[in-house]
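Nothing in this text is a laboratory measurement; each read-out follows from the coordinates by a stated rule. Just so we're clear, the structure is a prediction, and the values are computed from it rather than from any experiment. Glycine gets a Cβ as well: all are built from the backbone with ideal geometry, and neighbour counts include every protein chain shown.
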Amino acid sequence: MAESKEQEALLKRINELAHKNKEEGLTEEETRERDRLRKEYLKNFREAMRSNIEMIRIFDKEGKEVTPEKVREIQRKKGLRDD
């Protein structure tokens with residue numbers, strides 16, 4: 001899964017703060033920023049992962065669709081399926 005530019009920027013800043021924390025420590029403000037950025041990164045990652053899972057269709061070796069019913073229901077609600 002390719003990361004968006006926003007996710008790349010968040011990760012870059014999180015890593016900058018992690019390196020600074022190891023070398024010299026963080027100020028209170030930087031610690032709050034790091035925590036906020038981590039939460040935002042994880043939220044975005046989870047949303048993207050959920051979207052990918054909800055879009056997937058699974059087939060067995062014989063070509064029969066075996067997508068879990070829960071995923072099929074979500075796809076129907078989103079108008080991605082017409083079965």
Using beta carbons and a limit of 7 Å, which pairs, at least six apart or on different chains, have the first residue in the range 24-47 and under 10 Å from L10 (Cα atoms) and the second one of a type in the set (V, I, T) and assigned to a helix (DSSP H, G or I)?
R34/I14; L37/I14; R38/I14; Y41/I14
Tally of residues being over 20 Å from the mean Cα position of the chain (by Cα), assigned to a loop (DSSP other than H, G, I, E, B) and surrounded by 12 or more Cβ atoms within 10 Å (Cβ to Cβ) across the range 49-83:
3
With part of a helix (DSSP H, G or I) and closer than 30 Å to L80 by Cα as the only criterion, which of R46, R38, R32 stands out?
R46
What are the residue pairs meeting all of these: first residue in the range 1-23, first residue over 16 Å from R38 (Cβ atoms), second residue assigned to a helix (DSSP H, G or I), Cβ atoms under 9 Å, and 6 or more apart or on different chains?
M1/F45; M1/A48; M1/M49; M1/N52; S4/N44; S4/A48
